[in-house]
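Presented below is the structure to which this report refers.
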Protein chains: 2
Amino acid sequence: MMRRVVSVFVENKFGVLSRIAALFAARGFNIESLAVAETDEPGFSRMTIVVTADERLLEQVMKQLRRLIDVIKVEDMTEKEHVDRELVLVKVNAPPAKRGEIVELADIFRGKVVDVSVNTITIEITGAEGKIKSFLSLLRNYGIKELIRTGKIAISRGG
Amino acid sequence: MMRRVVSVFVENKFGVLSRIAALFAARGFNIESLAVAETDEPGFSRMTIVVTADERLLEQVMKQLRRLIDVIKVEDMTEKEHVDRELVLVKVNAPPAKRGEIVELADIFRGKVVDVSVNTITIEITGAEGKIKSFLSLLRNYGIKELIRTGKIAISRGG
């Protein structure tokens, strides 16, 4: 069992997302994260799915995906050189006396403060998995109030 | 018809994503973007869905969502003060002579260069909708080779 990143290029029609999600569910795969949005070609979307799965089982699912009418292309990005990134919005407890150190941490990790209230700070951070993990584990010392992640998106390296 | 951002907090069980997507599809809603990933509470995920929808129809779908067994909370973020952000990875044509100006553009928009090849540059950018739109429209002059977006995620403002 390995964590895998699958990229699916689809025609943006009614129900394509639910058919794809159903296909994973039918095989007992739990989708860890999924991000889907329009590409630069009108009418086409790209989906990045992260699953922990046995390689052979995943290959079967990928074959089934390719048979769906609105699916144009399916790639296991884990197999190729790629860059993956995730975006996280995180709200932490931040009484005035702690604000300075939290903002400092955000700066170190190149996060951006997107909101401040009397007792909280909300930070936007992007990066690869390890960086986000380290940042969040430091923030946990202050108390995380809310955490929203996009899940990974992945793009191939090179031309 | 208005563009709306819906946040759904769910228990991360098999099939919850496909049931939610099916519910939108059954009503004829096309999901423009969807991002789902784990929160900081083990076993719980948060989904941000962007749809263009009539307010009353969307309210009906939200009611149906609330009845699903693994759905904990459903919020129309459009109705409240919130911050939304999206992450984009974009690969543009960049022959050596154009590299400098493209990197300059990335800097202006606080994007980050994540990969360079002989003829392309790949940039990571985050922001609200308007900023990303402006950046992409400038990049189109060079030729966009690949574009992958997470779709929006949204977090409430304040404490």
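The values are calculated or read from the model by the stated rules, or taken from the named source; none is laboratory data. No experiment lies behind these values; they were computed from the predicted model shown. Backbone-built Cβ (ideal geometry, glycine too); neighbour counts: all protein chains shown. Quick note on the areas: whole protein, heavy atoms, side chains included, nothing else; ligands and nucleic acids left out. Shrake-Rupley method; radii C 1.70, N 1.55, O 1.52, S 1.80 Å.
Here are the numbers:
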| quantity | calculated |
| --- | --- |
| Single unsatisfied condition, A:Lys98 versus (1) under 18 Å from the mean Cα position of the chain (by Cα); (2) at pLDDT 95 or above | (1) |
| Any chance A:Phe135 is open to solvent by less than 10 Å² (accessible area, probe 1.4 Å), in the same structural domain as A:Leu89 (by TED's automatic domain parsing) and touching a strand residue (DSSP E or B) at 6+ places or on another chain (Cβ under 9 Å) | yes |
| Residue in segment B:105-117 that is within 30 Å of A:Pro95 (Cα to Cα) and assigned to a strand (DSSP E or B) present | no |
| Positions within segment A:11-34 being assigned to a strand (DSSP E or B) and either farther than 18 Å from B:Val50 by Cα or over 18 Å from the mean Cα position of the chain (by Cα) (or both), in sequence order | A:Glu11, A:Ile31, A:Glu32 |
| Any hit, segment B:116-128, residues being of a type outside the set (Ser, Thr, Tyr), under 25 Å from A:Asp115 (Cβ atoms), more than 9 Å from chain A (Cβ to nearest Cβ) and open to solvent by 10 Å² or more (accessible area, probe 1.4 Å) | yes |
| In segment B:64-103, the residues that are in a strand (DSSP E or B) and among the β-branched types (Val, Ile, Thr) | B:Val71, B:Ile72, B:Val74, B:Val83, B:Val88, B:Val90, B:Val92 |
| Residues within segment B:113-134 that are out of contact with any helix residue (DSSP H, G or I) (no Cβ under 7 Å at 6 or more places or on another chain) and within 27 Å of A:Ile148 (Cβ to Cβ), tallied | 13 |
| Some residue of segment B:35-43 being assigned to a helix (DSSP H, G or I) and among the acidic types (Asp, Glu) | no |
| Residues of segment A:19-31 satisfying the condition of being at the interface with another protein chain (Cβ under 7 Å from one of its Cβ atoms) and open to solvent by 20 Å² or more (accessible area, probe 1.4 Å) | A:Ala22, A:Ala25, A:Gly28, A:Asn30, A:Ile31 |
| Top-ranked residue of segment B:43-54 - restricted to ones that are over 15 Å from the mean Cα position of the chain (by Cα) and under 22 Å from B:Ile155 (Cβ atoms), ranked as modelled with the lowest pLDDT | B:Ala53 |
| Matching entry among B:Arg67, B:Arg85 (being open to solvent by 30 Å² or more (accessible area, probe 1.4 Å), of a type in the set (D, E, K, R) and facing another protein chain (nearest Cβ under 7 Å)) | B:Arg85 |
| Residue that is least open to solvent (accessible area, probe 1.4 Å), among those in segment A:97-115 that are more than 13 Å from chain B (Cβ to nearest Cβ) and free of Cβ contacts under 8 Å to residues at least 12 places away in the same chain | A:Gly100 |
